[in-house]
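The values are calculated or read from the model by the stated rules, or taken from the named source; none is laboratory data. A quick note: this is a predicted structure, and the numbers were derived from the prediction, not measured. For neighbour counting, all protein chains shown are included, and Cβ atoms are generated from backbone atoms with ideal geometry for every residue, glycine included. Heads up: the accessible areas ignore ligands, DNA and RNA and are worked out on the full protein's heavy atoms, side chains in. Shrake-Rupley method; radii C 1.70, N 1.55, O 1.52, S 1.80 Å.
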Amino acid sequence: MGCSSVTGVTGVLICAALLDDLDKELNNYIMRCREWYGWHFPEVGKIITDNLAYCKSVRKIGARTNVATTDLSEHLPEEVEAEVKLAAEISMGTEVSEEDIGNIMHLCDQVIEITEYRTQLYDYLKNRMMAIAPNLTVMVGELVGARLISHAGSLLNLAKHPASTVQILGAEKALFRALKTRRDTPKYGLIYHASLVGQTSAKNKGKISRMLAAKASLAIRYDALGEDTNAEMGVENRAKLEARLRHLEEKGIRRISGTGKAMAKSDKYQHRSDVKVYDPSGDSTLPSVSKKRKFEEVEEEEVATPVTVKTKKPKKEPVEGQLSNS
């Protein structure tokens, strides 16, 4: 690995850390901006959900009274713009001073500037990651791959880790806590933020993260120690993982009973407008007779079969002579 490669890896490490810091600062700035301008025009915060569009619109509107004469078609769709103008007429916000509006607009400028710089920095990270670790980038994405390299210290150090370590890299505290308390160890660390793991259902996240860590470990070693700079291996392994993911997701939809390969089939719905009549025979609680017989046949059977009455045997009375002898 030459000097330029080392410099590129160092730039990736710094860029990944800087992106995380920028995301935290942007969240704080946008939250304060919405809170501050919400005292003056609270309805616009619910109408405009996109943060960048919100800051650009606030920067162009300024005071709430300027909404009617401001053209927001550059930043908002027509229906959203009409909704904002309607909400400005019936807004319940309080009046603020010109100094407050100036500070809010300056804060919006900061948010817009940091967002543009973050976009530029992300493009730089994407280009550097495709040059340094193309297969890893295809497998887990630019940002997750940069975080893995940053956590390990370098691409070569990351290549020395086994797949089981790559899987839980970033979850060391949870791992040692689980080992100390003798509980279940974590199934994923930084690799949890990869797109393949994110689009998986909760019960299959552990399996996909394990398979992704195994393929990513091979991709890392290929990028660090291989001579080729193409991403064919990463594309091939990602296609295999996506096919395996589809198989796991479809397996949960299959019918539990019957053959395992049979898919659950649903019958086509047919609308039936037949009017059903109430059957009163179900109200009876008497046992039903299986065969119906005529009344005359029952009488003939009673006459034909004579009734035999058992006669009791008379008890023998004791003789007087026997009683006296006894």
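Hey, got a sec? Which trypsin sites (Lys or Arg not before Pro) in segment 149-204 land in a DSSP loop and have at most 14 other Cβ atoms within 10 Å? Kindly include the intermediate steps, with their values, before the conclusion.
Details: sites: K160, K173, R177, K180, R182, R183, K187, K203; in loops: K160, R182, R183, K187.
Loop-located and lightly packed - K160, R182, R183.
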message: With the crude spin-label approximation of a point 7 Å out along Cα→Cβ, what separation in nm comes out for N157 versus S73?
response: 5.6 nm
- line: Projecting the Cα atoms of A68, A17, C55 onto the charge dipole of segment 10-100, where Lys and Arg contribute +1 and Asp and Glu -1 at Cβ, the residue farthest towards the positive end is A17
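Compute, for segment 27-173, the length of the dipole vector about the Cα centre, with Cβ point charges of +1 (Lys, Arg) and -1 (Asp, Glu) only. Units Debye, rounded to 20. Can you show the working numbers first?
Working: 14 positive and 20 negative charges, 213 e Å.
Rounded to the nearest 20 debye, it is 1020 debye.
From the Cα trace of segment 119-214, what convex hull volume per residue do you get, rounded to a whole Å³? Don't skip to the answer; put the middle values down first.
Values: hull volume 10.0 nm³, N = 96.
Per-residue hull volume (Cα only) is 104 Å³.
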- request: Enter the accessible area per residue of segment 1-133 (Å², integer; probe 1.4 Å; all protein chains in place).
  value: 58 Å²
- request: Could you pull the accessible area for T70 with a 1.4 Å probe, rounded to 10 Å²?
  value: 20 Å²
task: Write out the chymotrypsin sites (Phe, Trp or Tyr not before Pro) in segment 31-68 meeting two conditions: DSSP loop, and at most 13 other Cβ atoms within 10 Å of their Cβ.
output: W39
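To the nearest 0.05, how large is the calculated FRET efficiency for L248 and K85 if R₀ is 56 Å and r is the Cβ-Cβ distance?
Working: r = 49 Å, r/R0 = 0.88.
The formula returns an efficiency of 0.70 here.
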task: With r as the distance between the Cβ atoms of S195 and L225 and R0 = 35 Å, compute the FRET efficiency 1/(1 + (r/R0)^6) and round to 0.05.
output: 0.85
- line: Checking segment 131-229 for GluC sites (Glu not before Pro) in a loop per DSSP with at most 12 other beta-carbon atoms within 10 Å yields E227
field: Net charge of neighbours whose Cβ lies under 15 Å from the Cβ of A68, counting Lys and Arg as +1 and Asp and Glu as -1
entry: -2
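State the extension gain, in nm to one decimal, for the chain segment bounded by K207 and K24, taking 0.36 nm per residue of separation less the distance between their alpha-carbons.
On the way: separation 183, 0.36 × 183 = 65.88 nm, distance 3.08 nm.
Stretched out fully, the K207 to K24 stretch lengthens by 62.8 nm.
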